[in-house]
Amino acid sequence: MELLTWSPIIFPRNGFPRDGEGKPFLPGNAIREAITSAVIYYYIKKDREIENKVKAYLLKKGLKAEEIIDRVKEIILEKYPVLNGLEVPERLYLENGELYETRAEVFDLKKWEDVEDFKVEVFKGVIELPISSPHIDKLKAAGHSFCEALAKMEMKMLGDHPLAENFYKPLLNEMKRWEIPLRVGMWTEVQFKGHLLFFWRIKEVRDRLFEELKTDIRPKRVIYLPREKCTTGWCELKI
């Protein structure tokens, strides 16, 4: 398998890690996290029982931010163990593409403005990704469900910003033909990234999490690359 980066990957702000010989790599955890985000969204959307269990948990008082995603994942995997048997190498070397420094902006989708900019190392190209899973078909469905929903949400929040027309519309058209879409690496600075995306339209959950944790579950701040005219981390896993 291989990972095609349709827009550059960031990981993290201070650049990609290097091995003992100075060779840059993407940690395998970045792929596991991207797959987990997709699985969480897909099964909450797909299964009303799962949705209700997760909703009941998120409406409890005394939530601890650092425990939320692990508990939500447990609820899903108890019924759908689709991450069992997933094997991803610890290091994915960046040998087939371009690794370079560029300027990034943190774009606030709600305020519709740049709130910060910084220099960052990015990678654009193809990454050899010898992963294995007995649940590839389910991961494919999850990847499409999550990434298409995420792209539509970001495009809607952009309104008539040129990025919506020039980047997101073509992206959504292309994404329908991808084998397994994933959002990889650092693409937002919101605490829960896209893990709780399903609930961003459900006011009582959104309000409770804001009340308990003082955070918005919507990934409303995205990383934008002005030179490349795109947001980051849109990838396709090709089987």
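The values are calculated or read from the model by the stated rules, or taken from the named source; none is laboratory data. All values reported here derive from a predicted model rather than from experimental measurement. A quick note on method: Cβ atoms are made from the backbone with ideal geometry, for glycine too, and the neighbour counts reach across all protein chains shown. For accessibility, only protein heavy atoms count, side chains too; no ligands or nucleic acids. Shrake-Rupley method; radii C 1.70, N 1.55, O 1.52, S 1.80 Å.
Filter segment 210-239 down to the residues that are at pLDDT 80 or above and open to solvent by less than 20 Å² (accessible area, probe 1.4 Å) and list them by number.
Result: VAL222, ILE223, LEU225, CYS230, THR231, THR232, GLY233, TRP234, CYS235, GLU236, LEU237.
Working only within segment 129-151, note down all residues that are more than 22 Å from LEU77 (Cα to Cα), open to solvent by 10 Å² or more (accessible area, probe 1.4 Å) and either at pLDDT 95 or above or of a type in the set (A, V, I, L, M) (or both).
GLU148
Output the residues belonging to segment 108-137 that are touching a residue at least 60 places away in the same chain (Cβ under 8 Å) and either in contact with a helix residue (DSSP H, G or I) (Cβ under 8 Å, 6 or more places away or on another chain) or small (Gly, Ala, Ser) (or both).
Answer for segment 108-137, where residues must be touching a residue at least 60 places away in the same chain (Cβ under 8 Å) and either in contact with a helix residue (DSSP H, G or I) (Cβ under 8 Å, 6 or more places away or on another chain) or small (Gly, Ala, Ser) (or both): LEU109, LYS110, GLY125, LEU129, ILE131.
Hey, among the residues in segment 80-107 that are in contact with a helix residue (DSSP H, G or I) (Cβ under 6 Å, 6 or more places away or on another chain), closer than 30 Å to LYS46 by Cβ and of a type outside the set (A, V, I, L, M), which one's surrounded by the most Cβ atoms within 10 Å (Cβ to Cβ)?
TYR80
In this structure, does ILE35 turn out to be surrounded by fewer than 19 Cβ atoms within 10 Å (Cβ to Cβ), touching a Ser or Thr at 6+ places or on another chain (Cβ under 9 Å) and part of a helix (DSSP H, G or I)? Give the derivation first.
On the way: surrounded by fewer than 19 Cβ atoms within 10 Å (Cβ to Cβ): no; touching a Ser or Thr at 6+ places or on another chain (Cβ under 9 Å): yes; part of a helix (DSSP H, G or I): yes.
In short, no.
Would it be correct to say that ASN14 is modelled with pLDDT under 95, closer than 30 Å to GLU105 by Cβ, more than 18 Å from the chain's Cα centre (by Cα) and surrounded by fewer than 16 Cβ atoms within 10 Å (Cβ to Cβ)? Steps first, please.
Values: modelled with pLDDT under 95: yes; closer than 30 Å to GLU105 by Cβ: yes; more than 18 Å from the chain's Cα centre (by Cα): yes; surrounded by fewer than 16 Cβ atoms within 10 Å (Cβ to Cβ): yes.
Against the criterion (modelled with pLDDT under 95, closer than 30 Å to GLU105 by Cβ, more than 18 Å from the chain's Cα centre (by Cα) and surrounded by fewer than 16 Cβ atoms within 10 Å (Cβ to Cβ)), ASN14 qualifies.
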